[in-house]
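One structure is given below, encoded as structure tokens.
The values are calculated or read from the model by the stated rules, or taken from the named source; none is laboratory data. Predicted, not measured: the structure shown is a model, and the values here were computed from it. Note that we place each Cβ from the backbone using ideal geometry, even for glycine, and neighbour counts take in every protein chain shown.
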Amino acid sequence: MTTGHSSIGGSSAKRWINCPGSVQLCAGITAPPPKDYALEGTAAHSFAEACLKHGYEKVAGMTKDTLIAHGFITEEESKWIDKELKTHVKIYFDTVMDCVHKAHKSAIFEVEKGFDLKHLHPDLYGTNDALIGEFMGTLTVFDLKYGKGNLVDVKENYQLMYYALGALAKYDWCFHDVKMVIVQPRAYSAEGAIRSHTMTVEDLVAWGENVLQPAARKTASPSAPLVPGAWCHENFCPAISGGQTCPAVMKEAYAVAQIEFSDVSTAEDICFPEPSAMAPVDVAKVLTFAPLLSAWSKGVVIYAQSLMEQGLSVPGFKLIAKRSIRRWKNPEQTAELLILDHREDQLFEPKKLKSVAQMEKAIGKEGLTDLWEQPDNGVKIAPESHKSQAVKSSAELDFEKI
Ligand code: SF4
């Protein structure tokens with residue numbers, strides 16, 4: 001079974017299926033160090049794997065040192081293992097084990113096992129978080145999502161379909177249908193933390209042949225197109241992170257902003273259209289590409305600084321020292337010295353109560369419910385796909401009163 005990281009793996013499938021050119025563009029980019037949320041997700045997966053293999057109670061009761069000694073988690077992952085993570089992983093554990101208990105005793109049960117889809121393309125392979133398969137019945141594939149900011153949809157989810165297809169191929173298609181289950185305990189969804197979608201084997205096989213395989217082949221073509229869209233951000237495309245500037249995103253950004261750089265010599269030459277003069281369809285375009293414009297302009301600033309730090313010049317700009325704020329060399333020693341001649345309230349900042357979420361984490365929710373309120377902060381714009389429910393506008397509410 002092929003292991004390691006595939007450039008056309010399941011986690012980035014939405015990106016490279018929609019934007020086949022991204023694979024070649026990203027090949028030359030050194031990935032930035034993983035962010036905290038990614039490390040936290042890796043820790044949750046390692047912990048969940050150990051729980052499914054050895055039992056939740058046993059693993060959750062181990063100290064961090066014991067978990068490391070058993071090879072269940074790494075030293076780096078250990079800093080993320082806390083009460084909250086254990087509670088969230090328990091939801092995933094219970095979901096998987098409930099399915100195991102309900103399945104026929106001849107069912108297969110796998111945790112973190114690899115698969116490949118060599119019959120479609122040599123670079124299509126990956127690992128399933130967990131799966132339970134009843135031959136000639138249902139194959140259930142589980143995916144633990146530990147993120148809380150990005151609510152993951154279970155329908156038309158290319159990553160899950162990729163993994164489900166891999167599991168099907170591994171067991172010679174001996175199932176009737178495939179149930180894909182996402183467990184995302186930290187993100188609010190009206191459908192709940194556990195969401196599932198079922199497809200027939202025929203539909204999944206057809207998707208593999210008609211969508212996955214052609215897209216995988218296209219990624220190797222010298223003319224593979226770069227296609228910007230929601231997947232640029234949703235899938236954290238390396239071509240717009242860490243100061244990279246994807247040419248397709250730049251082109252789209254210029255078009256949306258209606259900028260022709262050849263005609264621009266001063267800031268006044270850039271003539272943005274007046275929002276009130278724009279058609280709703282153009283307003284929608286700007287809203288769609290605003291995050292890309294912002295990411296792109298940040299990338300340009302980082303790139304310009306790297307050029308200037310190498311001694312190259314960017315006309316009209318220079319490097320200056322960042323603003324620096326004086327700080328105590330040794331805060332404890334300073335406090336001891338000053339407290340002899342001054343009152344404490346002159347030397348220290350007043351104590352600040354923790355936020356509601358921080359407090360609940362520190363002392364639990366009990367007794368706090370009546371102490372907090374949720375202020376109405378008005379409304380804001382979000383894409384249709386956003387997890388929150390749409391609210392009525394003030395005009396609609398006024399109309400209802402009539
Ligand atoms: S940023 Fe978007 S358009 Fe550019 S390579 Fe990545 S997915 Fe494609």
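Only one of the numbered conditions (1) of a type in the set (Phe, Trp, Tyr); (2) within 22 Å of the chain's Cα centre (by Cα); (3) assigned by TED's automatic domain parsing to the domain that holds Ile91 is not met by Tyr171, and that is (2). So is Ala69 within 25 Å of Asn150 (Cα to Cα), aliphatic (A, V, I, L, M), away from the ligand (no atom under 16 Å from the Cβ) and at pLDDT 95 or above or not? So Ala69 fails the test. Taking residues in the stretch 273-299 that are farther than 19 Å from Pro383 by Cα, and partners anywhere that are assigned to a helix (DSSP H, G or I) and among the polar types (S, T, N, Q), not one pair has Cβ atoms closer than 8 Å while being at least 6 places apart or on different chains. The sole residue among Ala206, Ala164, Ala220, Ala130 that is under 15 Å from Ile108 (Cα atoms) and out of contact with any Phe, Trp or Tyr (no Cβ under 9 Å at 6 or more places or on another chain) is Ala164. Residues of the stretch 385-402 that are at pLDDT 75 or above and not small (Gly, Ala, Ser): Gln389, Val391, Lys392.
What number of residues within the stretch 11-40 satisfy the criterion of being crowded, with 17+ Cβ neighbours inside 10 Å and away from the ligand (no atom under 16 Å from the Cβ)? Result for the stretch 11-40: 1. Only one of the listed residues (Tyr171, Tyr125, Tyr146) is modelled with pLDDT of 95 or more and either closer than 21 Å to Leu204 by Cβ or crowded, with 21+ Cβ neighbours inside 10 Å (or both). That residue is Tyr125.
Can you say whether Glu156 is assigned by TED's automatic domain parsing to the domain that holds His104 and either in contact (Cβ under 8 Å) with a residue 60 or more places away in the chain or in a helix (DSSP H, G or I) (or both), as far as the supplied structure shows? So Glu156 does not fit the description; no.
Scanning the stretch 83-122 for residues that are over 23 Å from Trp207 (Cβ atoms) and in a loop (DSSP other than H, G, I, E, B) yields Ala103, His104, Lys105, Ser106, Ala107. Does any residue of the stretch 18-30 turn out to be at pLDDT 90 or above, assigned to a loop (DSSP other than H, G, I, E, B) and touching a Lys or Arg at 6+ places or on another chain (Cβ under 8 Å)? Yes: one or more hits. Does the stretch 187-202 contain at least one residue that is more than 16 Å from the ligand (Cβ to nearest atom), in a helix (DSSP H, G or I) and not basic (Lys, Arg)? Within the stretch 187-202 (the criterion being more than 16 Å from the ligand (Cβ to nearest atom), in a helix (DSSP H, G or I) and not basic (Lys, Arg)), the answer is yes, since at least one residue qualifies.
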